[in-house]
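As structure tokens, the structure follows; a few thoughts come after it.
The values are calculated or read from the model by the stated rules, or taken from the named source; none is laboratory data. The shown structure was predicted, so the numbers you read here are calculated from the model rather than taken from an experiment. Positions of Cβ are generated from backbone atoms using ideal geometry, with glycine treated the same way; all protein chains shown enter the neighbour counts. These accessible areas exclude ligands, DNA and RNA; they are computed on the full protein's heavy atoms, side chains included. Shrake-Rupley method; radii C 1.70, N 1.55, O 1.52, S 1.80 Å.
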Amino acid sequence: SRPGLRACCSGPTMPTPTINPDFAPDIAGKGIANPVAQIMSAAMMLKYSFGMEDAYRDICLAVESVLEEGFRTKDIYRPGTVLLGTEAMGERVRAKFLSIDDR
């Protein structure tokens, strides 16, 4: 069951994936960071710290689906895929997550 998690991902105050400017100042604020690692870190926190296996599985499925559909950020882009910025990639994953039906 995911009602609380679903609500936090669909509200008007949905956080935008960002990068810590102290970690990679050369790309900070340019919208080219890949948010997938941060998304997956959050998924692992849900699984291992909070026992939220279903949420973990659905986030993994959302990320995998977005990548299989050919969406990429600049760091993993290759010809034949669709280049997205940080916010657009995060939004794609969020939308895919919200579209997954509860089992």
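Sorted by packing (mean other beta-carbon atoms within 10 Å per residue), highest first, where do 95-101, 73-79, 85-91 land? Don't skip to the end; give the middle numbers.
On the way: 95-101: 14.4, 73-79: 12.3, 85-91: 19.4.
By packing density, highest mean first, the sequence is 85-91, 95-101, 73-79.
Give the accessible surface of region 40-94 per residue, rounded to a whole number of Å², with probe radius 1.4 Å and ligands, DNA and RNA excluded. Could you put the intermediate results ahead of the total?
Details: 3220 Å² over 55 residues.
Per residue, region 40-94 has 58 Å² of solvent-accessible surface.
Suppose each label sits 7 Å from its Cα in the direction of the beta carbon; what would the Thr81-Asp101 distance come out to in nanometres?
3.0
If each residue of separation counts as 0.36 nm, what is the full-extension length gain between Lys74 and Cys60 once their alpha-carbon separation is subtracted?
Details: separation 14, 0.36 × 14 = 5.04 nm, distance 2.06 nm.
Once the chain is fully extended between Lys74 and Cys60, it gains 3.0 nm.
If you stretched the chain out fully between Ser49 and Ala88, how much longer would it get, using 0.36 nm times the residue separation minus the C-alpha to C-alpha distance? Could the numbers behind the result be given before it?
On the way: separation 39, 0.36 × 39 = 14.04 nm, distance 2.80 nm.
So the extension gain works out to 11.2 nm.
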